[in-house]
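Here the structure comes first, spelled out in structure tokens, and everything after it is commentary.
The values are calculated or read from the model by the stated rules, or taken from the named source; none is laboratory data. Note that the structure is a prediction, hence the values are computed from the model and not measured. Here the Cβ positions follow ideal geometry from the backbone for every residue, glycine too, while neighbour counts run over all protein chains shown.
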Amino acid sequence: MKRGLAAMAVTVVVWAGFALSVRGIGASTLTTADAALIRFTVPLLVLAPWIPRTLRRLRDEQPVVLAGLCVGAGLPYFLVAAAGGRLTSAALVGLVIPGTVPVFVTLLAYTLWGWRIRLPQLAALGGIVAGVAVAGGEPPGSGTLVLLLAGLIWAVYTLSLRVTLLDPLGTVIVLCLPSSLLTALLITTGTASSTLPTARPADVALYLIVQGLGVGVLAAVCYPIAIRRLGSRTAATLGALSPVLTALAAVPLLGEPLTGLPALALVVASVITFNVLKTEPKSLLTTAPKSEPQTAPNTEGTAPHAADDPAPDDRPAVAADGGLRR
């Protein structure tokens, strides 16, 4: 139990650190491309011994799943999230992206596989939408719309992660390898600006720790430990505290005011409610015809990797911030 709580605490801190560091890029001496290069290159260096094994396993993976992994959590997602961070606040980044993932995952699953959405689930999703609408303002600003796009992209990653044959470390390598190479190419050709050679060492160290090691590696290790020790529903419920930590930490670290508490409370409560609702387990590996609707999967928690557990189970599909699942 203690080890599970410790692993979950580290995970929540890492998730909050992602939102804070994305928002803080503009205040650092790094460019967005520099931060992306650090984010995707450091995990490759740490996980280098597992790269050959992962590359051998790619022959058994579906191209559409690989594309979903690379786009949904790779460089495209990072650039969209960073753009949203520039236009909004850390609190909004930490609220909108993870908060809307259950909404987009459920809508995509309904559209692609015909999942049936139960009324209690629909009510919880409605609470999320209402909370995000309040937080984003009326009408929603451009930054909020960009963050919604980031949530949609991450939802694609979530569904791809649910059916991939790769294990968590293999997934990290697959999404980081092309993203790292593409970022390096953009910097080398001058398409993307870089100040990495002249950046403050403290900024480089901070993003190396938070983005490279934290988001890239620690979340992949600690969240599965928390799932095994605490159970998926408990872990996902605790994960819903990440937006709260982000909002609180943004006050002293970034000087942001603590606003939008009712919207924050509504989204967090709705995410927790959606997560704890009991649903009938179904597998995304078998596509169901639209004429035979199925129960919508719970999208807050952890999903099995097809390679490890092809049989359907009752574990939820996505963590509170969309972190790595096992």
Residue satisfying condition, being crowded, with 17+ Cβ neighbours inside 10 Å and in contact with a Phe, Trp or Tyr (Cβ under 6 Å, 6 or more places away or on another chain), within set A35, A81, A91: A35
Residue among A219, A265, A269, A250 that alone is at pLDDT below 90 and at negative phi: A219
Tell me, yes or no, whether the stretch 61-70 has at least one residue that is surrounded by fewer than 19 Cβ atoms within 10 Å (Cβ to Cβ) and under 14 Å from S179 (Cβ atoms). yes
Got a sec? Which of L177, L152 is surrounded by fewer than 23 Cβ atoms within 10 Å (Cβ to Cβ), touching a Phe, Trp or Tyr at 6+ places or on another chain (Cβ under 6 Å) and touching a residue at least 40 places away in the same chain (Cβ under 8 Å)? L152
Being surrounded by fewer than 24 Cβ atoms within 10 Å (Cβ to Cβ) and not in a loop (DSSP other than H, G, I, E, B) is the filter; apply it to the stretch 130-145 and report the residue that is modelled with the lowest pLDDT. G136
Could you list, in sequence order, all residues of the stretch 154-189 that are at pLDDT 95 or above and either outside any helix (DSSP H, G or I) or farther than 17 Å from V217 by Cα (or both)? L181, L182, T183, A184, L185, L186, I187, T188, T189
Show the residue pairs meeting these rules: Cβ distance below 9 Å; 6+ apart or different chains; first residue within the stretch 244-256 and touching a residue at least 40 places away in the same chain (Cβ under 8 Å); second residue of a type in the set (S, T, N, Q) and assigned to a loop (DSSP other than H, G, I, E, B). A247/S89; A247/T259; A250/S89; L254/S89; E256/S89
So is F40 at pLDDT below 95, of a type in the set (F, W, Y) and touching a Phe, Trp or Tyr at 6+ places or on another chain (Cβ under 9 Å) or not? no
Residue selected from the stretch 105-119 under the condition touching a strand residue (DSSP E or B) at 6+ places or on another chain (Cβ under 9 Å) and in a helix (DSSP H, G or I), by the criterion modelled with the lowest pLDDT: W113
For the stretch 22-34, indicate whether the set of residues that are at pLDDT 95 or above, under 24 Å from L177 (Cβ atoms), β-branched (V, I, T) and out of contact with any helix residue (DSSP H, G or I) (no Cβ under 7 Å at 6 or more places or on another chain) is non-empty. yes
Hey, any hits in the stretch 250-262 for a residue that's assigned to a loop (DSSP other than H, G, I, E, B), buried (at least 16 other Cβ atoms within 10 Å of the Cβ) and touching a helix residue (DSSP H, G or I) at 6+ places or on another chain (Cβ under 9 Å)? yes
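In the stretch 72-98, what residues are part of a helix (DSSP H, G or I), among the β-branched types (V, I, T) and at pLDDT below 95?
V93, V96, I97
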When the stretch 117-141 is examined, which residues are found to be under 21 Å from the mean Cα position of the chain (by Cα) and more than 16 Å from F274 (Cα to Cα)? A133, A135, G136
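Confirm whether L166 is crowded, with 22+ Cβ neighbours inside 10 Å, more than 15 Å from L37 (Cα to Cα) and of a type in the set (A, V, I, L, M, F, W, C).
yes
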Tally time: how many residues in the stretch 193-215 are within 12 Å of A35 (Cβ to Cβ) and within 15 Å of the chain's Cα centre (by Cα)? 4
Just to be sure before I move on: is V101 assigned to a helix (DSSP H, G or I) and within 18 Å of V14 (Cα to Cα) in the structure I sent? yes
Being within 19 Å of D203 (Cα to Cα), in contact (Cβ under 8 Å) with a residue 12 or more places away in the chain and not in a helix (DSSP H, G or I) is true for just one of L37, L30. Which residue is that? L30
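Based on this model, can you work out whether T11 counts as touching a Phe, Trp or Tyr at 6+ places or on another chain (Cβ under 6 Å) and within 18 Å of L169 (Cα to Cα)?
Answer is yes for this residue.
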